[in-house]
């Protein structure tokens, strides 16, 4: 293991500290890393185990941890016992004797790289600094979710089958990790692969995985949005009470479709034929008349299919005229049915009763 010290005359042999563990601390300068290569899942906490040694008469003055090849000697340091500006993510869990272990909380991708320990000692006012230059290499990875679809299409339709696979980049063989699957944040299954067969709309949602031992650190999300043709298409009438001549009436077509319906068509049944009478999700009558009564249905289309509603029968109650008057000639009068009143100008030559 390579090391460096300052303010000390040494022989080249002192630079070749290669790190066998059972070396007496009374005469050797040494930094040992318990793991030369460490892999961690993003968001987890990781410990870099470390031990250091120095001659007996030396007293440790400071301990430091560096990140990156260019900073292991001169800094900047991510941890410095002589500084008050260390991030709370970095924690020195060693001591000033022989334990130099270091903990990083909530590791991020940019924490990847070389981490090295440096310490200084003093004896008889002679300050010396040493670095375990070999360091410990940290790799930070995400859990990855991949999806395989049976239909080979970009979209997922009802009836398709899908396989989701969770992979831990730290697990080279892919066999040692235990995984838990989540749908919309709720645990649903364990294992590296989640199979969804004969998919329906109830399978739609956001899927993620985590290590079973670290459920609080889920992977990124894969969204499954199962598409399907129109279902449960129906017509409602507003108002739903009795319909009288002259009243305002709306027929509303409702459906369940993914993607949403592209076309709505209204039909009125006439004998054996269906006649198109409108488009759009609503069919409106501003002043309904007796001839507007009859049987209606709507037809809905999206890219996956078409569905017709059941038939709704509209019955218009009341006569077109419920009052009769004998108005003067060339006079305007008010004619009222059960629901509507209107002004009418009539030239009455016969002096007979006039229907409104």
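Read-outs: derived from the displayed coordinates by stated rules, not from any lab. All values derive from a computational prediction rather than experimental measurement. Here the Cβ is made from the backbone with ideal geometry for all residues, glycine too, and neighbour counts use every protein chain on show.
See the values below:
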item: Prolate/oblate/rounded label for segment 96-186 (Cα gyration tensor, a/c 1.5); result: prolate
item: Per-selection Rg to Rh, segment 12-140 - Cα, Kirkwood hydrodynamic radius; result: 0.96
item: Peptide ranges 131-144, 261-274 listed from the most packed, as the mean C-beta count within 10 angstrom indicates; result: 131-144, 261-274
item: Residue exposure sequence - 238, 167 - by fewest surrounding Cβ within 10 Å; result: 238, 167
item: Segment 260-285 versus segment 59-124: alpha-carbon centroid distance in Å; result: 75 Å
item: Cα gyration tensor, segment 149-233 - rounded (a/c under 1.5), prolate or oblate; result: prolate
